[in-house]
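K.L.:
Pasting a structure here, questions to come.
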Amino acid sequence: MSYNELATYFVNSFMAFQHIYIDKVQAEEQTSICESAGFVTVLSGKVTMTVDGTSYILEPGALLHVPRGAKLIKKSAERKPVLVAFVYYRILREDSVPSNEHFKLQVENKERLKANIVELKKYNDQPVTTAALKCQLLFFTLLDTIVDGVRQHDEKENDHSIEEILHFIHEHYQQHLSVTDIANLFKIERRHLAYIFKRYTGMSPLNYLTEYRIRRSKELLRQEDYSITKVAELVGFEDNLYFSRIFKKRTGYSPSAYREAVIKVHN
């Protein structure tokens with residue numbers, strides 16, 4: 001789940017903090033039923049969490065969202081017990097789908113997350129009425145920390161994704177690529193692909209692909225042994241006339257006029 005989807009879920013859901021507890025997960029399997037929807041996170045070490053038959057590995061910086069009524073099997077992945085925090089919340093809108101799903105989140109701000117968890121636990125253990133209000137406030141602070149941490153993680157992942165995508169375009173621009181092809185290949189939603197391209201290149205994926213093709217076509221046009229039709233084909237344009245129109249729109253010259261101008265300069 002992206003940070004935008006997560007933030008939208010938190011905003012549109014009527015959520016209230018229920019309670020938090022910190023458990024020492026042993027090396028032997030322990031089974032329980034989730035009494036409410038909530039988040040599970042490791043404070044130190046590594047554990048294996050199995051939710052309704054699906055297994056997850058959790059380390060500091062990872063959170064597992066668990067739905068109400070799910071069967072949870074927990075086991076330390078180390079020889080010693082591992083501290084695990086369980087933060088449960090009440091959902092007041094039953095049509096809120098994510099509360100019925102289990103999924104893993106990764107955050108970059110794990111120290112801030114741990115600090116929020118520790119403070120929330122401290123006030124949860126206090127019997128005074130004012131502590132209950134403080135817990136509600138700290139719960140929403142925790143949600144903000146989670147969304148911000150997922151955002152940071154997504155942006156860090158995007159740094160690697162965009163480099164891989166640009167490398168792919170540079171290697172395969174001659175093929176009849178489309179933005180949909182690229183999105184499907186890298187398993188990225190088209191809108192998210194457009195977002196990371198705009199952020200890192202200043203243009204849309206289609207504009208970047210077109211600009212790169214035009215740049216390579218200029219190099220080929222400097223070689224007199226390639227016809228305009230062949231140049232169009234070599235840079236991934238199926239239609240020679242369409243290539244000429246795009247080339248002129250981007251450079252101000254037709255392909256043949258550009259070739260003549262380059263030859264004149266070199267002569």
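K.L.:
Given the options 163, 211, 224, 155, name the one that is outside any loop (DSSP other than H, G, I, E, B) and more than 30 Å from residue 103 (Cβ to Cβ).
P.N.:
Numbers: 163 fails: more than 30 Å from residue 103 (Cβ to Cβ); 224 fails: outside any loop (DSSP other than H, G, I, E, B); 155 fails: more than 30 Å from residue 103 (Cβ to Cβ).
Going through 163, 211, 224, 155 in turn, just one is outside any loop (DSSP other than H, G, I, E, B) and more than 30 Å from residue 103 (Cβ to Cβ): 211.
K.L.:
Continuing with this model, one more query. Could you pull out every one of the strands (runs of 3 or more DSSP E) wholly within the stretch 39-148 that has 3 or more residues that are crowded, with 18+ Cβ neighbours inside 10 Å and aliphatic (A, V, I, L, M)? Reasoning before the result, please.
P.N.:
Numbers: elements: 47-51, 54-58, 62-66, 71-76, 82-91, 103-106.
Filter on the stretch 39-148 gives 47-51, 62-66, 82-91.
K.L.:
In addition: Are there any pairs, at least 6 apart or on different chains, whose C-beta atoms fall under 8 Å, with the first in the stretch 57-77 and without any contact (Cβ under 8 Å) to a residue 24 or more places away in the chain and the second among the aliphatic types (A, V, I, L, M) and surrounded by fewer than 22 Cβ atoms within 10 Å (Cβ to Cβ), and if so, which?
P.N.:
If the second residue must be among the aliphatic types (A, V, I, L, M) and surrounded by fewer than 22 Cβ atoms within 10 Å (Cβ to Cβ), the pairs left are 57/77.
K.L.:
Based on this model, can you work out whether residue 213 counts as at pLDDT below 95 and of a type in the set (D, E, K, R)? Break it down stepwise before answering.
P.N.:
Details: at pLDDT below 95: no; of a type in the set (D, E, K, R): yes.
Taking the combined requirement at face value, the residue does not satisfy it.
K.L.:
I've got another one for you. For residues that are among the polar types (S, T, N, Q) and surrounded by 12 or more Cβ atoms within 10 Å (Cβ to Cβ), scanning just the stretch 13-38, find the one that is nearest to residue 114 (Cα to Cα). Give the derivation first.
P.N.:
The initial filter retains those residues of the stretch 13-38 that are among the polar types (S, T, N, Q), namely 13, 18, 26, 30-32, 36.
With surrounded by 12 or more Cβ atoms within 10 Å (Cβ to Cβ) added as a condition, the list becomes 13, 18, 26, 30, 32, 36.
Working: 13: 24, 18: 18, 26: 20, 30: 23, 32: 24, 36: 21 Å.
This residue is 18.
K.L.:
Regarding the stretch 151-159, can at least one residue be identified that is more than 30 Å from residue 15 (Cβ to Cβ), under 15 Å from the mean Cα position of the chain (by Cα) and either among the hydroxyl-bearing types (Ser, Thr, Tyr) or surrounded by fewer than 18 Cβ atoms within 10 Å (Cβ to Cβ) (or both)? Can you show your working first?
P.N.:
Residues of the stretch 151-159 more than 30 Å from residue 15 (Cβ to Cβ): 159.
Retained after the next criterion (residues that are under 15 Å from the mean Cα position of the chain (by Cα)): 159.
Retained after the next criterion (residues that are either among the hydroxyl-bearing types (Ser, Thr, Tyr) or surrounded by fewer than 18 Cβ atoms within 10 Å (Cβ to Cβ) (or both)): 159.
Yes, the stretch 151-159 contains at least one residue that is more than 30 Å from residue 15 (Cβ to Cβ), under 15 Å from the mean Cα position of the chain (by Cα) and either among the hydroxyl-bearing types (Ser, Thr, Tyr) or surrounded by fewer than 18 Cβ atoms within 10 Å (Cβ to Cβ) (or both).
The values are calculated or read from the model by the stated rules, or taken from the named source; none is laboratory data. Because the structure is predicted, anything quoted here is derived from the model rather than measured. Cβ atoms come from the backbone with ideal geometry, glycine included; neighbour counts cover every protein chain shown.
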